[in-house]
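Here is the structure we will look at, set down as C-alpha cells.
The values are calculated or read from the model by the stated rules, or taken from the named source; none is laboratory data. Source: prediction; values computed, not measured. In this analysis, Cβ positions are derived from the backbone assuming ideal geometry, glycine residues included, and neighbour counts consider all displayed protein chains. Protein only, heavy atoms only, side chains kept; ligands, DNA and RNA dropped before computing areas. Shrake-Rupley method; radii C 1.70, N 1.55, O 1.52, S 1.80 Å.
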Amino acid sequence: MKSTYVYALFLFIIISSCKDENKSNRTLDTYKDWMTNIIMNKEENVTLKDISMPGAHDAGMYILNGCTVGANACNTQTQHQDMMTMLNVGVRSFDIRPVLFNSQYVTQHTTDCAGLGCKGDALSNILEQTKTYLDSHSEVVVFLLTHFCDTGYDDDGLISLFTNTLGERLYKESTSSTSIINKPLNEIVDVEQAKGKIILVFEDAPDETSLREKGIFPSSFIPLQGQYSNSYDLGYMKNDQLQKFNNFDENSNSLFEMSWTMTLDAALSVACAFSDNQSIEFYANQANSQLNTSMEEWITNTTIRQGKIPNIIWVDFAD
C-alpha cells in the first residue's frame with residue numbers, strides 16, 4: 001500500500017510554517033491547491049526557491065504503446081496515474097520526453113531514439129489534461145522537456161501544439177530583472193483568479209527573446225543541481241542523494257533536484273519479465289516507502305532546514 005510520501009515533506013517543511021487563518025473565502029484543497037494555500041497564508045513573498053515540489057519522473061509513461069522487442073511494463077513503465085490525477089494529488093514538476101512517431105507527438109521511454117523501449121501517452125492528451133486543471137487552479141506547473149527524438153524547440157508542429165492547446169496558461173516573458181526561481185509565485189499566478197500557469201523548459205533551446213515571448217525557455221531558465229544515482233540499490237541511492245544535497249550550495253542561483261528513483265541495469269531489465277520482484281515498480285515501491293522517514297531524519301538532524309531544502313523530488317509511480 002502506497003503512502004502519501006511526497007506530501008509529508010512539503011507539509012512538514014512548508015505548510016506547518018503557514019498561518020492558520022486563510023486570507024480568502026475560497027475553498028482550497030490540501031493537494032490540488034497546495035501552492036495557492038502557501039501563497040495566500042504567507043505574509044512574505046514565496047518563490048520556487050522556497051518550496052519543495054513533487055516531481056514525476058518520465059511522467060508520460062503511465063500507459064504503454066508501440067513497445068519494441070524486450071520492452072514491457074516491468075522495464076519501461078514509470079508512472080501509473082494520468083496527468084490529471086498527478087496534478088490533483090499535488091505533483092507540480094513533470095519530466096516529459098517527446099518524440100514524433102507516426103506523425104503524432106507522444107512521450108517515450110527508450111534506451112535512445114532508435115533503441116529499445118515503449119511509447120507512452122500522446123502529448124495532446126497530456127496537454128489537454130493540464131489545460132483543464134490550470135483553468136480552475138492557480139498553481140505553477142513546470143514541464144522539463146528533454147530527450148527529444150525527431151522534434152524539439154525548433155519544430156513548428158510541436159510548438160503549435162503547445163501554444164494552441166495551452167494558450168494563455170503559458171508563462172511568457174521577454175526580459176526580467178529577477179530570476180524565475182526568485183520571483184514571487186504571486187507574480188507568476190493570480191491566486192484571486194484561480195487560473196494557473198505552466199513553465200515550459202526545453203533542453204537545448206537557446207536563450208532568445210523571441211522564444212521567451214512564446215513561452216519557450218532554455219534549461220538555464222530554471223538552473224538545477226543534482227543528478228540521479230543510476231542504481232537499483234536503495235542504500236546507495238539514498239547515500240548518493242544525501243551527498244549531492246550536502247554539496248549543494250543553498251546560496252547559489254539554483255534549485256536542487258533530488259532523484260528518489262531507482263534504475264534497472266541491463267540484466268534486471270531482461271530478468272524482470274520473469275519476476276515481479278525486479279521491475280521498476282518494485283524498486284520504486286521500495287524507494288517511496290523510505291522517503292518519509294529519510295526526509296524526517298534529515299529534517300531532524302538539520303540536513304534539511306530553512307533555506308536549504310530539496311526543491312524538486314523526482315519519484316517513479318507518484319501517488
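Quickly run through the range 56-110 and pick out the residues that are charged (D, E, K, R) and either open to solvent by 40 Å² or more (accessible area, probe 1.4 Å) or free of Cβ contacts under 8 Å to residues at least 60 places away in the same chain (or both). Residues satisfying the conditions are D82, R92, R97. Taking the range 151-188 only, how many residues are in a loop (DSSP other than H, G, I, E, B) and either in contact (Cβ under 8 Å) with a residue 60 or more places away in the chain or over 20 Å from H137 (Cβ atoms) (or both)? Number satisfying all stated conditions: 14. Within the bounds of the range 207-219, is there any residue that is within 20 Å of H57 (Cα to Cα) and in a helix (DSSP H, G or I)? Yes. Identify all residues within the range 196-218 that are open to solvent by 60 Å² or more (accessible area, probe 1.4 Å) and closer than 25 Å to D316 by Cα; write none if there are none. Result: E203, D204.
Count of the range 33-79 residues, restricted to those that are assigned to a loop (DSSP other than H, G, I, E, B) and under 15 Å from the mean Cα position of the chain (by Cα), is 10. Evaluate the following for K183: is it within 21 Å of the chain's Cα centre (by Cα), within 23 Å of I38 (Cα to Cα) and modelled with pLDDT under 95? No. If we scan the range 237-251, do we find a residue that is farther than 20 Å from V315 by Cα, within 19 Å of the chain's Cα centre (by Cα), modelled with pLDDT of 95 or more and not basic (K, R)? Among the residues of the range 237-251, not one is farther than 20 Å from V315 by Cα, within 19 Å of the chain's Cα centre (by Cα), modelled with pLDDT of 95 or more and not basic (K, R), which makes the answer no. Among the numbered conditions (1) aromatic (F, W, Y); (2) open to solvent by less than 50 Å² (accessible area, probe 1.4 Å); (3) out of contact with any Phe, Trp or Tyr (no Cβ under 9 Å at 6 or more places or on another chain), the only one that F143 does not meet is (3).
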